[in-house]
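Below you'll find the structure, written out as structure tokens, and then a few comments.
The values are calculated or read from the model by the stated rules, or taken from the named source; none is laboratory data. Remember, predicted model here, so these are calculated numbers, not experimental data. Don't worry about glycine lacking a Cβ; one is built from the backbone with ideal geometry, like all the others, and counts go over all protein chains shown.
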Amino acid sequence: MTIDLEPFKKLIKQRCGLILEGLGEEKLATVLAQRLTVTKFGNSAEYYFHLQGSSDEFQELVNLLTINETYFFREVEQLHLLTERLVPRLLMQREDNQPLRILSAGCSSGEEPFSLVMALREKYGDDMSSLFSFAGGDIDTQALAKARSGCYNEFSFRAVGPEIKARYFDQDGWVYRLKDEIRNRVEFQEMNLFAEEFPVALHGCDIIFFRNVSIYFDTPTRRIIQQNLASLLKKSGYLVIGTAETIANDFGVLSLIEEDGLFYFSKGQFSAPVPAAAPVFDFSRYVVSKVAAPQQCEIPELPFVRSSPSVTSSLLTSEVVAPVVASFNPCLNVDEVQQYCREKRYEEAMAMIVIQLEQNPGDTSLLLLKAHIQFNRKEFELAEASARQALETDPWSIDAFVLLGLAAKWRDLVKEAIRWFKQAVYARHECWLARYYLADLYRAGGESDKARREYRGVLQLLSQSTVPDHGIKVLPLGMVHSELRFLCEHQLGKLGNQRRIARRK
Ligand SMILES: C[S@@+](CC[C@H](N)C(=O)[O-])C[C@H]1O[C@@H](n2cnc3c(N)ncnc32)[C@H](O)[C@@H]1O
């Protein structure tokens, strides 16, 4: 039976802002077929009529459509921003003794709000209970039920090492149960970010984390949601959006601030940063791989720089792979894998790659996508090995050069990183992405003239009426030209200021 998806897409967008295109549309078709069978409606028109009047059925449908990908200590540099910058500042400015209220909006199954609790527990010890109150909101009631249960499996721990697991969780077979001291700290609320009204409990927030959610909305919807979130913030509150999303969410509703190379939004007048109160929470002890120190975060979260270290490939056992593959179109192809990578559904993408590589072990595109996922999981050495393998079949692969450059950069192998990015530029002068990274590396190394030259080069390439092809063929790039131009102009402005200050001296 063919279902006319348009009325459903419209209704869902109207009520919760979600855009269902591409794979989202395919998912909608599958989910609708499933609901039609379960509810026993004769046709989709009858089901649509029922759906309009039944909030329970609408909820069932939404629960099946949302993407809940999340894990503990995701984008850990932003947790560092929280514990070392935002919280100390707000505690200092606080006029009453009320706890700071922290909300995770779009909290999925709870890994994000619980990470905030654990991070602040590490920093403030037992005082955490009186200093902070935490809430998590999501439209997906099933995800919220999981969050309330506080039970997780290995997939949620892809970014954390054994210490955090041992300290805050009790293991019961495959299940890790969050200790009550952390679990009871978060109040979970059903919340539609696109709604006109919000539960009272969600008002008066000091800090809102809203990460990896805005990508599911179009620009007008993102603007409305930001206005909604701004209305939930206190006058001096902060909004932290996923690192790769922030600039695309700069609507002038809140002030965009850059601190330590990270962007976030502030509702009130921004006051000068306060020094971090000791002791500093050293995240690097707890996460699986290196956490960038603030200065090192200056390279913005371009397509690859997503802190999503994940399960190692060895965890991709047949129990994981088989159900994933069975639930997908049997005609697997690279485009599909790329799309999963774009949606950051790395487990599924990796499962597809593993299976396809068995048939085509030397396939450059699959090897590059594998390297891309490994890079995003911060498995830099594995990523490097896969990218080098790709170079064996395509010695001029710009994708491979850029990936190798990034993997070296994240391991602080600056010279090696520069060599790979230069190699990419040598192979393709118009590879503006490699030139951008080169510029950032030069800037970080104090080579301002070289940095300026590269930033200007990128700006010049990106300002052409038709932006030249950067030569990257396979890796899913999420970077919007205007964002990259903004970053280059921003850095050039800073380099210009430094030159003026140096001259005055
Ligand atoms: C990919 S998860 C992000 C989880 C977490 N913030 C993180 O960064 O790991 C996106 C979440 O946004 C939620 N979501 C989508 N649309 C929403 C809406 N209109 N209102 C509230 N939550 C929504 C989904 O249910 C899903 O759990």
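In the range 16-31, the residues that are assigned by TED's automatic domain parsing to the domain that holds Tyr47 and at positive phi reach residues that are within 14 Å of the ligand (Cβ to nearest atom) and outside any helix (DSSP H, G or I) with C-beta atoms within less than 6 angstrom, at least six apart or across chains, in these pairs: Gly17/Phe194; Gly17/Phe217. Looking at the range 153-256, the helices (runs of 4 or more DSSP H) lying wholly inside it that each contain 2 or more residues that are under 15 Å from Leu116 (Cβ atoms) sit at 162-168, 180-183.
A count restricted to the range 397-418 and to residues that are without any contact (Cβ under 8 Å) to a residue 40 or more places away in the chain and assigned to a helix (DSSP H, G or I) stands at 11.
Within the range 44-60, being surrounded by fewer than 20 Cβ atoms within 10 Å (Cβ to Cβ) and either among the hydrophobic types (A, V, I, L, M, F, W, C) or within 16 Å of the ligand (Cβ to nearest atom) (or both) holds for Ala45, Phe49, Ser55, Phe58, Gln59, Glu60.
Which residue pairs have Cβ atoms closer than 6 Å, lie 6 or more positions apart in sequence or on different chains, and pair a first residue in the range 199-224 that is in contact (Cβ under 8 Å) with a residue 12 or more places away in the chain and under 18 Å from Gly252 (Cβ atoms) with a second residue that is near the ligand (Cβ under 9 Å from one of its atoms) and not in a helix (DSSP H, G or I)? What qualifies is Ile208/Ala105; Phe210/Ala105; Phe217/Gly17; Thr221/Gly17. Scanning the range 432-442 for any residue that is farther than 25 Å from Tyr346 by Cβ, more than 25 Å from the chain's Cα centre (by Cα), surrounded by 15 or more Cβ atoms within 10 Å (Cβ to Cβ) and assigned by TED's automatic domain parsing to the domain that holds Arg342 turns up at least one such residue.
Checked across the range 66-78, the condition of being away from the ligand (no atom under 16 Å from the Cβ) and farther than 20 Å from Asp138 by Cβ holds for no residue. Based on this model, can you work out whether Ser115 counts as within 9 Å of the ligand (Cβ to nearest atom) and over 18 Å from Pro199 (Cα atoms)? Yes, satisfied. Could you grab me the full set of residues in the range 238-252 that are over 14 Å from Leu81 (Cα atoms) and touching a strand residue (DSSP E or B) at 6+ places or on another chain (Cβ under 6 Å)? Residues satisfying the conditions are Thr246, Asn249, Asp250.
Inside the range 93-107, can you point out the residues that are closer than 12 Å to Ala135 by Cα and in a loop (DSSP other than H, G, I, E, B)? Across the range 93-107, the qualifying residues are Gly106, Cys107. Among the conditions (1) away from the ligand (no atom under 13 Å from the Cβ); (2) under 17 Å from Ile207 (Cα atoms), Gly125 misses just one, which is (2). When the range 356-397 is filtered for residues that are farther than 27 Å from Arg74 by Cα and among the aliphatic types (A, V, I, L, M), the ones remaining, listed by number, are Leu357, Ala390, Leu391. Taking the numbered list (1) surrounded by fewer than 18 Cβ atoms within 10 Å (Cβ to Cβ); (2) part of a loop (DSSP other than H, G, I, E, B) in turn, Arg453 passes all entries but (2). The set of residues from the range 142-179 being in contact (Cβ under 8 Å) with a residue 60 or more places away in the chain and basic (Lys, Arg) comprises just one member, Arg158.
Using the structure shown, decide if Glu95 is acidic (Asp, Glu) and within 16 Å of the ligand (Cβ to nearest atom). Criteria not met by Glu95.
In summary, Ser54 fulfils each of the numbered conditions (1) touching a Cys at 6+ places or on another chain (Cβ under 7 Å); (2) at pLDDT 95 or above with the single exception of condition (1).
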